């Protein structure tokens, strides 16, 4: 009876909340809802016409109303955080994990066995090699038996696999920006795969909502710094994706930086051309012509992170300064949306046959 | 045939753009679309199911694509700025003026005569007294004959009049926050109307998009200052509204301040109680119980401007420190939404019989 | 042999470090050096020609080099944090306490007994009434026997007493700005002492260097909020000072706000005039004519917090909007300098007979 | 009689202003004092014991008191901006040009002829090739006859030449950070000179104090973007310096970015090692062992721009991620100090035989 509700909404006689109540929608749970990716899922799903969030868990905040912790959601959710309860989670059609690494390892298998699909925003299922995962995360992989089934949730690469998946590993924020920017060049074999450079800049929400001195406004504002120049956990994930795209091992130097803003990632990507590359602008436009979440800007553009603030779009520009043998790609995303919760919802939409961008259509907040 | 489109959208077979094309929607024009309230109208109307923006004018940017100037709107609008043309404007069902003062004076009469409704975001029709307007704006009022008809577009005060109006004067940003915060106290006669204090803090978009040195990031960031302590153009507008609410002349000290952020107004309002006021929390909750755009927070709260960033909500809290005879009201809005473009759309919705909050339902962007 | 060193410095043959080594300078210790007021003492004292910091304590960071924690001090100090040791502290001429409340209570008496002067930046000795202190700080006062001797270290009020003092209670940040702004009016009896309003805005360093979620850049940036509207620990301190100035009990409504910047306090102060006040500008200029750290700006000015960033100056402006019976004073300070460490050094200079502004002469960093 | 004044200052009987008056100091003029590098010269020179600023020019602000435009300088200067007058400028011992390009071309020759030394902060004399200058700046070079004499004012490269110079071209901000970071590698021939990458991030003061929309807080805050990816005016200057260091032509890809903060440049520099490089940390430490304005941080460090805010220091760190063949250098400066006015004063000090860091000794403002 969905259309009647929608028609009444259209005529102003029904609120969107009522529409949700009368339409057939799926039930969704969120594990670990107090962090930034958790609240971002809530913000975006509040606008999704076919999703009802029925459950949101947090050990530390169990009993607290969601809208007390996030007053922007007052009037949107009548939910409180609860202890994670496998029974109640299994009653959902899909469950998002917005948790520290290791948590999804422990719960995903049981949920899958009971027919609930799992979309994991953590790093638990991103690396195909359990040994490599153990090495970077300092603990054994907790669910290696699920690695083969897990689909890396980048629609621009794995759309068909995502449609049929039960378990999704949502790409990390840096990995999303870097891979989208480099895919066309590596797939076409245009650059030296051994010497790729990714100079990345992130807003502070990339560091999460933990109370750490370096993330204080008084410490991080009015300053800019690199971190992890000698190795960052996103490096193996990016390398894995680029290697698949290139069809050969990729050598990557990845330097992340902290920039004094809340949201946004800017990746500046450098590759050495193997020869005359042809029309790079056309290459990029063709590669992403049918992608709803990737926007190749006109030649000569410099995308700003604010142009994607709050939105699921990745904006790209490709430059070849001075017609030299170095190509420069500029890629921007909102780390919490296309770099996390928005991309997670793209995956959900694909898995349940919805419009891929349902709930993700709002323009970025600018200024 | 609206419902069919919406049903197909619901089933994921139609994009929201297609829905708009097939539904019966009104045609809307925007005069002066390059400023911050203009682009904010575009951002919000992109999500409005029953509005199509057919025209957006700008003398200085005529010919420039909207999405070149505002890349966040790429993919949302296929419009270019054009010279203001009364013929084309009159073909719209409604026209928003997002212009400097004086512009709406010149065009409103002609549009009204041709059946187009006018929603003016400038100060042109806010003051009922043409002389007072002339004094504060340093030029004669250009359309005094329209003042009687013009409705002050604050739904919380004038909802019924708005429904039937042809010409709306959208309240200013400071006036919205200050009036919403003081209405319950003045309507109930609880405070000394002669000595009301409004200490207001605004983000820099309140100063507009003009290229002025004091608005540079290098000047306005990492600093805080008052301005206009001796008199600000919003003073007579606020006084007019408060006087109407109080039923007697109101004496107001209004000090605006510039705070280093993009969006948001925080009004801290002080009144001297005439006697024992009873339950102030209950008074506020009752006054705004049916208001879709006003949220009275629980007793003891301190609303943050970020809790309304990008949204049309005004959040309020009322305090009585130390049970003294001074009442303190805290009110926050997004100056570009509830303080301008969002409130303008609330007016449009009321005038055309839509859901009052259509297009305005998204939660604030937080963090 | 100071002059020879200074002369050689003058001729460029000696660095300022060498000057310090050869001049007669006092030895200073800092207890609790890892917080913002501690590092600010170090920053300012690095430029003080007659002070050598010989000791800086921190339980949590004992053994860490100062310059590892604060790289801006690399090359300026060859000191590491150490456990607080009463023996070594007593070997100093003066000791600053930049500690949480309660710490100075425990140590001050012993240091004074051994001839070391104490300058306490915490709240431990600010309130003259030990009961009131216990009530606001939730624990018994630890050294009530020292309260009579302790001098409230506001040079603009107590300069002579400071010169002879052994124990100084450095005023709090809000109390400094509010008292300096209101002193002329209350001393002259020009305003209603029962109904004074202080609407204050502070940068986030006012909340200290503790790792707390609300102080994260992602939480505090792009937002503005009040806090403690119902009562803040600085209230009794301000009231005590104002009451002394007015010669009668003062009724104060004090609402502090958090503004998204690192440093700076802006106090907007409202008083009701008792009658015709005469020339307010002249009153303020006369009151502070000989004050090296207070700058009364020209009539009509709006001081910016950035004009005092990093400096020990308090800038003031006085307004009487619309010639009404309400006077508005604007006061700005750097909360870490005039509101803490700079004022503490002013006290040190007075106690040891140095130029009152020695080490405090650098202009604010602007932009 | 310098020492007597200094001794009296030491004893607290004389202010630093009096010292300046009685000591032998040089007279300095500033042309174009209203921009950010002009006011930064004033801020720094206020603390310089042997410099008196006697003249500061500005066509647009002639007659305005310096302290009205820059209230942080109230009490430090009793000067007003004046029309540029060659007579009065020639009466100075040295003149700084803090002007748009082209201005110093017109005046420098005359001043030099009359015995006044010239320190130019603009780009007018940085490029040795007048043709190349004309090409990048779109106008003929106005004083090619002075190019041979002009000394590129980077003390770390040209200290002896600076001591004897009459005309100094102060390096640009990006060129300072990039060259200091790459000098050790190129001088030692350790990296492929044909493929050097400089990914640079600057605060907004790098764009000057002009009123331009992209520099507004509402536009530049909460965003990050590249600009000039296809070519920036600092490119030829950097290339010239690096080529000299390398002893062979250098191929450089230089991408500048705008970061939402007031001050600071962070250069992230990438080079391909030609072979085993030996101990890179030792190489850097040795190269800059005697440099007062360069600080090589311990191995593994990530310098923050805030650690040099307001100070003349360049902080460097060198990394070799994963022991690959790519070396990464991180370099931070304050663009207005070591990247402009501070470095200019270093040059002045060398030219007049003062301590090289006179007036430049204050630690950075942190937090």
Hey, for residue D:100 with labels 7 Å out along Cα-Cβ, what do the inter-copy distances come to in nm, ordered shortest first?
-> 2.2, 5.6, 5.6
Got a sec? How would A:77, D:152 order by Cβ neighbour count within 10 Å, fewest to most?
-> A:77, D:152
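Kindly rank B:121-127, A:275-281 from highest to lowest mean number of other beta carbons found within 10 Å of each residue. Intermediate results must be reported in sequence, preceding the final value.
Numbers: B:121-127: 25.4, A:275-281: 12.6.
Highest-to-lowest ranking by the protection proxy: B:121-127, A:275-281.
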Computed over chain B: longest principal axis from alpha-carbon atoms vs helix B:342-351 long axis, angle to nearest 10 degrees, is 70 degrees
Would you mind listing how long chain A runs along its three principal axes, going by Cα atoms, in whole Å with the largest first?
-> 59, 51, 45
Which translational diffusion coefficient, to the nearest whole µm²/s, is obtained for the protein assembly as shown from the Stokes-Einstein equation, given a Kirkwood hydrodynamic radius over C-alpha pairs, 37 °C and 0.692 mPa s?
-> 97 µm²/s
How far is residue A:233 from the same spot in each other copy, in nm, shortest first, if each label point sits 7 Å from Cα toward Cβ?
-> 3.5, 4.5, 5.2
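Take B:201, B:309 and order them by how many other Cβ atoms sit within 10 Å, fewest up front.
On the way: B:201 31, B:309 26.
Listing B:201, B:309 from fewest to most nearby Cβ atoms yields B:309, B:201.
For the protein assembly as shown, what proportion of DSSP beta bridges, expressed in % and rounded to the nearest 5, is antiparallel? If you can, show how the numbers build up before the last one.
Working: 97 of 217 bridges.
Taking every DSSP beta bridge with both residues in the protein assembly as shown, the antiparallel ones total about 45 percent.
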Ascending count of other beta-carbon atoms within 10 Å, so fewest first, for C:191, D:168 = C:191, D:168
Nearest residue to the symmetry axis between C and B, taken on chain C by its Cβ, in whole Å = C:199, 2
Pairing the Cα long axis of helix A:103-113 with the longest principal axis of chain A, what angle in degrees results, from 0 to 90 and rounded to the nearest 10?
-> 60 degrees
Ignore the peptide's own chain and count Cβ atoms of other chains within 10 Å of each Cβ in B:321-327; give me the average, rounded.
-> 5
Distances in nm from residue C:211 to the matching label points in the other copies, shortest first (labels 7 Å along Cα to Cβ) | 1.0, 4.5, 4.6
With a Förster distance of 35 angstrom and the Cβ-Cβ distance between residue A:213 and residue C:110, calculated FRET efficiency to the nearest 0.05 equals 0.65
Angle between chain C longest axis and helix C:173-187 axis [Cα atoms, degrees, rounded to 10] = 50 degrees
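Per-residue Cβ counts within 10 Å, from other chains only, averaged over C:328-340: what number is that?
Working: counts 7, 1, 5, 0, 5, 0, 1, 0, 3, 0, 0, 0, 0.
Mean shielding count: 2.
Order these peptides, C:57-63, A:318-324, C:353-359, by their mean beta-carbon neighbour count within 10 angstrom, highest first. Could you put the intermediate results ahead of the total?
Numbers: C:57-63: 15.0, A:318-324: 17.3, C:353-359: 19.4.
Top of the packing list down: C:353-359, A:318-324, C:57-63.
Report the relative contact order of chain A, percent, no decimals, based on alpha-carbon pairs under 8 angstrom and at least 6 residues apart.
On the way: 764 pairs, mean separation 57.0, N = 367.
Relative contact order of chain A: 16 percent.
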Counting DSSP beta bridges in chain D, what percent are antiparallel, to the nearest 5?
-> 45 percent
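In peptide B:186-198, what is the residue-averaged number of other protein chain Cβ atoms found within 10 Å of each Cβ?
Values: counts 0, 0, 0, 0, 0, 0, 0, 0, 2, 6, 1, 7, 0.
Other-chain Cβ atoms within 10 Å of each residue's Cβ, averaged: 1.
Give the percent of DSSP beta bridges with both residues in region C:174-335 that are antiparallel, rounded to the nearest 5.
Numbers: 22 of 32 bridges.
Roughly 70 percent of the beta bridges in region C:174-335 run antiparallel, per DSSP.
In deg cm²/dmol, rounded to 500, what helix-only [θ] at 222 nm does chain B give when every DSSP H run of at least 4 residues adds -39500 (n - 2.57) and the total is split over its residues? Intermediate results must be reported in sequence, preceding the final value.
Working: 13 runs with 113 residues, N = 367.
When only DSSP H runs of four or more count, the value is -8500 deg cm²/dmol.
Each value in this text was obtained by applying a stated rule to the coordinates, not by laboratory testing. Source: prediction; values computed, not measured. When we count neighbours, we look across all protein chains shown, and the Cβ atoms used for this are built from the backbone with ideal geometry, even at glycine.
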